[in-house]
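The values are calculated or read from the model by the stated rules, or taken from the named source; none is laboratory data. On a predicted model such as this, the values are computed, not experimentally measured, just so you know. FYI the Cβ positions are ideal-geometry reconstructions off the backbone, even for glycines, and counts take in every protein chain you see. Each accessible area value is taken on the protein alone, full model and side chains, heavy atoms only, with ligands, DNA and RNA left out. Shrake-Rupley method; radii C 1.70, N 1.55, O 1.52, S 1.80 Å.
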Amino acid sequence: MGCFQFLKFMMFAFNGIIFLAGAAILGVGIWVKVDSGSVLTFLGKIDNMPAELSQVLNVGYLLIAIGILLVVIGFLGCCGAMRESKCMLLLFFIIVLLIFIAEVAGAVVILVFRPLAEELFNKIGQEAVKSIKQGYGNNTDITGLWNSTMSTFKCCGFYNSSEFKESPYYKNHNNTFPPQCCLNPGSTCTDGTITGCFPKIRKLIDDNTAAIVGVALGIAALELCAMAVSMILYCRIKSESV
């Protein structure tokens, strides 16, 4: 019984963390949807944006769905363990198994279709640069959203600052760049030395690839452990009820 009680406690604690994480992700998803200054909203306002980006633009809904799913999983795990409910434990096992299968399938798809992702990013870059050249300085939505993006990520333009040379802002401000493009935002910006937003974000991801892979493997291991513990509890409860 000592081992059984220990597994129940670990199941409760583990799923309690999942429940809280799900609530946090749910909150972030709601925040993304209501924050009009976010990068995703900015991309959504760019004309002729590739249709393939629609799933990325709905990332707020994705986070909300993930948050709800984690909350449900955490609830089933906690209550299933403490109440010794075979139904909840089995449902927990099935949901985690389906998530694990979906993650493996997603990893395979990403590896196989990586060239298509590069093509999509190129299309996004072309439309983002076009939005700067045509709208930055005379379109308040585009200007405000670019300013918010550059201030948040400490970057300038999509690829680099040269994109602003054909913008209305550059022509109407004596051939100067936006303040965010210089190291000293308080002075007149004439050189545009700050890195572009896309290269900066890509470098951030590349520099943390090992950490991202490690987190993914850690999550997969936790899912396998959670499935194993839930099935052990399920079988133990079943055998003790006979």
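Please state the charge dipole magnitude for region 111-234, taken about the Cα centre, from unit charges on C-beta atoms (+1 on K and R, -1 on D and E), reported in debye and rounded to the nearest 20.
240
Taking 0.36 nm per residue of sequence separation and subtracting the Cα-Cα distance, how much length would be gained by fully extending the chain between A24 and D141, in nm to one decimal?
39.2 nm
For Cα extents along the principal axes in Å, several values are listed as (i) 52, 40, 37; (ii) 59, 38, 29; (iii) 85, 36, 29; flag the one computed from this structure.
Label of the calculated value: (iii).
Counting each DSSP H run of 4 or more residues in the chain as -39500 (n - 2.57), what helix-only mean residue ellipticity at 222 nm follows after dividing by all residues, to the nearest 500 deg cm²/dmol?
Calculated at 222 nm, the ellipticity per residue is -25000 deg cm²/dmol.
In whole percent, how big is the carbon plus sulfur part of the accessible area of the chain, probe 1.4 Å, protein atoms only?
68
Please name whichever of V112, A220, L145 sits farthest to the positive end of the charge dipole of region 111-234, dipole taken about the Cα centre and charges placed at Cβ: Lys and Arg +1, Asp and Glu -1.
So the residue furthest toward the plus end is L145.
Just grab the label-to-label distance for A102 and N172, each label 7 Å out from Cα along the Cβ direction, in nm (one decimal).
4.6
Using only Cα atoms, find the angle between the long axis of helix 197-207 and the longest principal axis of the chain, and express it within 0 to 90 degrees, rounded to the nearest 10.
Taking the Cα atoms of the chain, the angle to 197-207 is about 40 degrees.
Once both axes come from the Cα atoms, what is the angle between helix 59-82 and the longest principal axis of the chain, in degrees from 0 to 90, rounded to 10?
The helix 59-82 is inclined about 20 degrees to the chain.
Past the 31 Å Cα-Cα mark, which pairs from K33/K86; K33/K123; K8/K33; K123/K154? Let's see the in-between values first.
Details: K33/K86 37 Å; K33/K123 24 Å; K8/K33 37 Å; K123/K154 23 Å.
Violating the 31 Å limit, Cα to Cα: K33/K86; K8/K33.
Taking C-beta distances below 4.7 angstrom as the pairing criterion, name the unpartnered cysteines of the chain, in sequence order.
That list is C3, C78, C79, C87, C225, C235.
Keeping all protein chains in place, calculate the accessible area per residue for region 111-234 (probe 1.4 angstrom), answer in Å².
Values: 7200 Å² over 124 residues.
On a per-residue basis, 58 Å².
Which one, L233, F100, F164, is farthest towards the positive end of the dipole of the chain when Lys and Arg carry +1 and Asp and Glu -1 on their Cβ?
Ranked along the dipole, the leading option is L233.
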